[in-house]
Amino acid sequence: MPDDELKAQLEQVRAIRRTARRKPHGRSRLDRHRAEIEALAAAGASSYDIALWLRRFRRTKVHPTTVWRALRRWRHVER
């Protein structure tokens, strides 16, 4: 293939990739429980405790790492 044709194809691929880039995430399912989650964390609950609490009392199944990341993100936003 000639170089010009390859360059044109590469530019088409890059244009497709630009339009296909990921958008920012929407709201987390934990956002609606933020006040309660922060209160539990302030009371000394671990992310595992909070994940179990969410599952049992709020019917929201999340991994403890998700809780930990949400707490970290919320603390960063407040500062």
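Remarks
- Extreme residue, nearest to the chain's Cα centre (by Cα), among residues of the range 19-37 that are at pLDDT below 85 and of a type outside the set (Gly, Ala, Ser): HIS25
- Residue within the range 15-26 that is out of contact with any Cys (no Cβ under 9 Å at 6 or more places or on another chain), among the aliphatic types (A, V, I, L, M), assigned to a helix (DSSP H, G or I) and on the phi < 0 side of the Ramachandran plot present: yes
- Flag for ARG72 being at positive phi and among the basic types (Lys, Arg): no
- The range 39-79 - residue that is over 22 Å from HIS25 (Cα atoms) and hydroxyl-bearing (Ser, Thr, Tyr) and, of those, farthest from the chain's Cα centre (by Cα): SER46
- Count - residues of the range 50-79 that are assigned to a helix (DSSP H, G or I) and either surrounded by 14 or more Cβ atoms within 10 Å (Cβ to Cβ) or in contact (Cβ under 8 Å) with a residue 12 or more places away in the chain (or both): 14
The values are calculated or read from the model by the stated rules, or taken from the named source; none is laboratory data. Values in this document were obtained by computation on a predicted structure and should not be read as measured data. Counting neighbours? That spans all protein chains shown, and the Cβs are built from the backbone with ideal geometry, glycine included.
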